[in-house]
Ligand code: NDP
């Protein structure tokens, strides 16, 4: 590989700097045992926080942000992968501590990579990305707890990335999914994804008694704050909530009653350092459950140069579904 080869990447030079697309050389890339020619990345809420500097995500500078990528192995020093293999990388602190996916090339550790499932197009792997992996991990966590199909399952932050994919997965699995959203204009979209019913996000975040009528057999919560409090008080006996996000706030206040009187379970979902074996299982299930048609419907594709603008939009809750970044 020509170490002087020039390519493009989005770079954050220092704390508070604006993200700019710059020319880089292969020799500028950090060490790693696999060099990947990246085809697509994606935009997640955390990328928005990193690129705008509105969250303390980036831990060293200069940084190439982007917590997801997919591409083809150009060179490998590891027996696990060979030149030409199509791979996915999400999390493992890329775009935070290590250089990430907003780049035409990335040099990374082999142990972070998952093979692209045979039936999946690279673009669709990034329609899924960290958001979709998190949705799948949340569904798997609810299944392990024994998701009760005689009650509805609620998904919050429904029109966002994690929410959209969570609705599609649960609906495909045959559950009655209730989408909690603040956007009336997204209702048709949510029904198309498989939502059985839609509630305004304020229904869950309003004040209430410590326990209310049992309503949810399970929940996937991307919002946190008062919304999580609201879910817990209406969780059915033995039900669980997969808590994966904080789009509405990181603090929440509850009583012990849902836990000691209804056996409610609060399950934390963490996608960044999730073990490789679990990831592979999750990606295989994602490839079985999500069709290309559905992934096209939830996806918009943009170039590297649009990331700063889109980062503001995702933090303001104005992005619907998933944004894929075509780095080339
Ligand atoms: P998106 O921005 O795509 O979706 C978030 C959604 O939350 C919005 O679309 C909106 O949905 C809703 N929302 C936004 N602001 C508020 C608010 N102030 N109050 C209530 N609801 C709000 O983000 P992602 O789907 O990428 O991520 C969702 C959350 O999950 C984030 O907090 C992210 O950090 C977290 N996350 C966690 C992961 C983990 O490993 N635990 C991995 C990936 C994401 P609507 O308009 O329908 O109401």
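The values are calculated or read from the model by the stated rules, or taken from the named source; none is laboratory data. Note that this is a predicted model, so its numbers are computed, not measured. Here Cβ is always computed from backbone atoms with ideal geometry, including for glycine, and neighbour counts include all displayed protein chains.
Being under 18 Å from residue 293 (Cα atoms) and within 16 Å of the chain's Cα centre (by Cα) holds for only one residue in 101, 132, and it is 132. With respect to the conditions (1) surrounded by fewer than 20 Cβ atoms within 10 Å (Cβ to Cβ); (2) assigned to a strand (DSSP E or B); (3) away from the ligand (no atom under 15 Å from the Cβ), residue 199 lacks only one, and its number is (3). Filtering the range 202-224 to residues that are over 19 Å from the mean Cα position of the chain (by Cα) and either within 15 Å of the ligand (Cβ to nearest atom) or surrounded by 19 or more Cβ atoms within 10 Å (Cβ to Cβ) (or both) leaves 202, 203, 204, 205, 206, 216, 217, 218.
Examine the range 242-250 for a residue that is more than 16 Å from the ligand (Cβ to nearest atom), surrounded by 13 or more Cβ atoms within 10 Å (Cβ to Cβ) and more than 21 Å from residue 167 (Cα to Cα), and state whether such a residue exists. No; the residues of the range 242-250 include none that is more than 16 Å from the ligand (Cβ to nearest atom), surrounded by 13 or more Cβ atoms within 10 Å (Cβ to Cβ) and more than 21 Å from residue 167 (Cα to Cα).
Exactly one residue out of 65, 30 is within 15 Å of residue 311 (Cα to Cα), touching a strand residue (DSSP E or B) at 6+ places or on another chain (Cβ under 8 Å) and part of a loop (DSSP other than H, G, I, E, B): that is 65. You will find that of 134, 90, the residue that is out of contact with any strand residue (DSSP E or B) (no Cβ under 8 Å at 6 or more places or on another chain) and closer than 29 Å to residue 250 by Cα is 134 and no other. Out of the residues in the range 252-270 that are in a loop (DSSP other than H, G, I, E, B) and within 13 Å of the ligand (Cβ to nearest atom), which is farthest from residue 236 (Cα to Cα)? Looking at the filtered set, the residue picked out is 270. Of the strands (runs of 3 or more DSSP E) lying entirely inside the range 86-171, those containing at least 1 residues that are within 16 Å of the ligand (Cβ to nearest atom), modelled with pLDDT of 95 or more and buried (at least 21 other Cβ atoms within 10 Å of the Cβ) span 86-90, 152-156.
Of the residues making up the range 229-241, those that are free of Cβ contacts under 8 Å to residues at least 40 places away in the same chain and part of a helix (DSSP H, G or I) are 229, 230, 232, 233. Of everything in the range 309-319 that is buried (at least 16 other Cβ atoms within 10 Å of the Cβ) and part of a helix (DSSP H, G or I), the residue that is nearest to the ligand (Cβ to nearest atom) is 314. Would you mind stating whether residue 275 is out of contact with any strand residue (DSSP E or B) (no Cβ under 6 Å at 6 or more places or on another chain), within 30 Å of residue 124 (Cα to Cα) and assigned by TED's automatic domain parsing to the domain that holds residue 96? So residue 275 does not fit the description; no.
Here the condition is being more than 12 Å from the ligand (Cβ to nearest atom), under 20 Å from residue 161 (Cα atoms) and touching a residue at least 40 places away in the same chain (Cβ under 8 Å); of 273, 294, it holds for 294 alone.
For residue 285, the test of being farther than 19 Å from residue 168 by Cα, outside the structural domain of residue 36 (by TED's automatic domain parsing), within 17 Å of the chain's Cα centre (by Cα) and part of a helix (DSSP H, G or I) is failed.
Beta carbons closer than 7 Å, at least 6 apart along the sequence or on distinct chains, pair a first residue in the range 242-268 that is in the same structural domain as residue 231 (by TED's automatic domain parsing) and over 16 Å from residue 217 (Cβ atoms) with a second that is in a loop (DSSP other than H, G, I, E, B) and away from the ligand (no atom under 16 Å from the Cβ) for 255/210; 257/210; 257/211; 261/211.
For residue 180, all conditions in the list (1) assigned to a helix (DSSP H, G or I); (2) over 23 Å from residue 328 (Cβ atoms) hold save one; what is the number of the exception? The failed condition is (1).
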